[in-house]
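Here's the structure we're looking at; comments come further down.
The values are calculated or read from the model by the stated rules, or taken from the named source; none is laboratory data. Everything numeric here is computed off the predicted structure, so don't read it as measured data. Counting neighbours? That spans all protein chains shown, and the Cβs are built from the backbone with ideal geometry, glycine included. All accessible areas refer to the heavy atoms of the entire protein, side chains included, with ligands and DNA or RNA removed. Shrake-Rupley method; radii C 1.70, N 1.55, O 1.52, S 1.80 Å.
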Amino acid sequence: EPEVTQTPSHQVTQMGQEVILRCVPISNHLYFYWYRQILGQKVEFLVSFYNNEISEKSEIFDDQFSVERPDGSNFTLKIRSTKLEDSAMYFCASTETGRNNSPLHFGNGTRLTVT
Amino acid sequence: GESVGLHLPTLSVQEGDNSIINCAYSNSASDYFIWYKQESGKGPQFIIDIRSNMDKRQGQRVTVLLNKTVKHLSLQIAATQPGDSAVYFCADPSDTGNQFYFGTGTSLTVIP
């Protein structure tokens, strides 16, 4: 069964450094998402992306965050200058049709630790 | 704002018993609901979904019930197994359809 893959599985970085989290969504999916989950808390929406542009973003997704689909298969999340509070699991997700029609399929996440 | 929440943060059941996990939502316009299972160290895994034109939907060992009158959703797991131990989330899309809201989750522990 096709799946969303994320790399790396664990990223440790120092405060102020830039990180790029990578995702390969399911190949025929058109809608892409980033969510994050702080340890023990709920899954929080960051950003949705369709047709090479952001559809919606949350308050968390400030100007330190950016997303890109650099080619036909990858979808990346960049954090320009990491803060301690950015430590969390970051999940990429994709869906085939978007908007109330199909569920999100998630990757297994990247655990980001900011020291 | 967020529209989904869960009644209980934890649930323990004996292996072989049935489990019921509940979820309430506040947006009466919500028309699509999803249940996810999240095992430790993994991403949320799709279990089953239901649209608002249905009251019940069955999958393999799982049933989702939707009560639109009281805005309540439940996930029933039949003959619960140790592998069912996980956190279960309900989710529904925002009004724009561009994101999904997740509840806080119920941690299910299956006692052998």
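Among residues of the range B:42-78 being under 16 Å from A:Ser102 (Cβ atoms) and among the charged types (D, E, K, R), the one that is surrounded by the most Cβ atoms within 10 Å (Cβ to Cβ) is B:Asp49.
I'd like the residue in the range A:94-115 that is hydrophobic (A, V, I, L, M, F, W, C) and within 8 Å of chain B (Cβ to nearest Cβ) and, out of all such residues, is surrounded by the fewest Cβ atoms within 10 Å (Cβ to Cβ).
Just the residues of the range A:94-115 that are hydrophobic (A, V, I, L, M, F, W, C), to begin with: A:104, A:106, A:112, A:114.
After this cut, where a residue has to be within 8 Å of chain B (Cβ to nearest Cβ) as well, the list is A:104, A:106.
On the way: A:Leu104: 28, A:Phe106: 24.
Ranking the qualifying residues of the range A:94-115, first place goes to A:Phe106.
Hey, does the range A:46-54 have a residue that's under 12 Å from the mean Cα position of the chain (by Cα), under 27 Å from B:Pro9 (Cα atoms), surrounded by 14 or more Cβ atoms within 10 Å (Cβ to Cβ) and within 11 Å of another protein chain (Cβ to nearest Cβ)? Yes, because at least one residue in the range A:46-54 is under 12 Å from the mean Cα position of the chain (by Cα), under 27 Å from B:Pro9 (Cα atoms), surrounded by 14 or more Cβ atoms within 10 Å (Cβ to Cβ) and within 11 Å of another protein chain (Cβ to nearest Cβ). Does A:Gln11 satisfy being open to solvent by 50 Å² or more (accessible area, probe 1.4 Å) and within 9 Å of chain B (Cβ to nearest Cβ)? The answer is no for A:Gln11.
Does any residue of the range A:75-91 turn out to be within 19 Å of B:Trp35 (Cα to Cα), in contact (Cβ under 8 Å) with a residue 12 or more places away in the chain and within 13 Å of another protein chain (Cβ to nearest Cβ)?
We begin by selecting, within the range A:75-91, every residue within 19 Å of B:Trp35 (Cα to Cα); these are A:91.
From what's left, in contact (Cβ under 8 Å) with a residue 12 or more places away in the chain: A:91.
Those left that are additionally within 13 Å of another protein chain (Cβ to nearest Cβ): A:91.
There is at least one residue in the range A:75-91 that is within 19 Å of B:Trp35 (Cα to Cα), in contact (Cβ under 8 Å) with a residue 12 or more places away in the chain and within 13 Å of another protein chain (Cβ to nearest Cβ).
When the criteria are applied in full, A:Ile26 meets the requirement of being outside any strand (DSSP E or B) and of a type in the set (Val, Ile, Thr).
Which residues, taken from the range A:15-37, are open to solvent by 20 Å² or more (accessible area, probe 1.4 Å), at negative phi and away from chain B (no Cβ under 12 Å)? Can you show your working first?
At the first step, the residues of the range A:15-37 found to be open to solvent by 20 Å² or more (accessible area, probe 1.4 Å) are A:15-18, A:20, A:22, A:24, A:27-28, A:30-31, A:36-37.
From what's left, at negative phi: A:15, A:17-18, A:20, A:22, A:24, A:27-28, A:30-31, A:36-37.
The answer is A:Met15, A:Gln17, A:Glu18, A:Ile20, A:Arg22, A:Val24, A:Ser27, A:Asn28, A:Leu30.
If you filter the range B:60-112 down to residues that are at the interface with another protein chain (Cβ under 8 Å from one of its Cβ atoms) and assigned to a loop (DSSP other than H, G, I, E, B), you find that the one that is modelled with the highest pLDDT is B:Gly105.
Taking into account only those residues within the range B:79-101 that are over 18 Å from A:Pro103 (Cα atoms) and without any contact (Cβ under 8 Å) to a residue 60 or more places away in the chain, which is least open to solvent (accessible area, probe 1.4 Å)? Per the criteria, the residue is B:Ala86. Summed over the range A:1-34, residues that are closer than 16 Å to B:Gly41 by Cβ and in contact with a Phe, Trp or Tyr (Cβ under 7 Å, 6 or more places away or on another chain) total 1.
Annotation: A:Ser73 fulfils all but one of (1) touching an Asp or Glu at 6+ places or on another chain (Cβ under 8 Å); (2) over 18 Å from B:Lys42 (Cβ atoms); the unmet one is (1). Across the range B:1-26, the qualifying residues are those that are within 12 Å of another protein chain (Cβ to nearest Cβ) and open to solvent by less than 50 Å² (accessible area, probe 1.4 Å), and the one among them that is modelled with the lowest pLDDT is B:Leu6.
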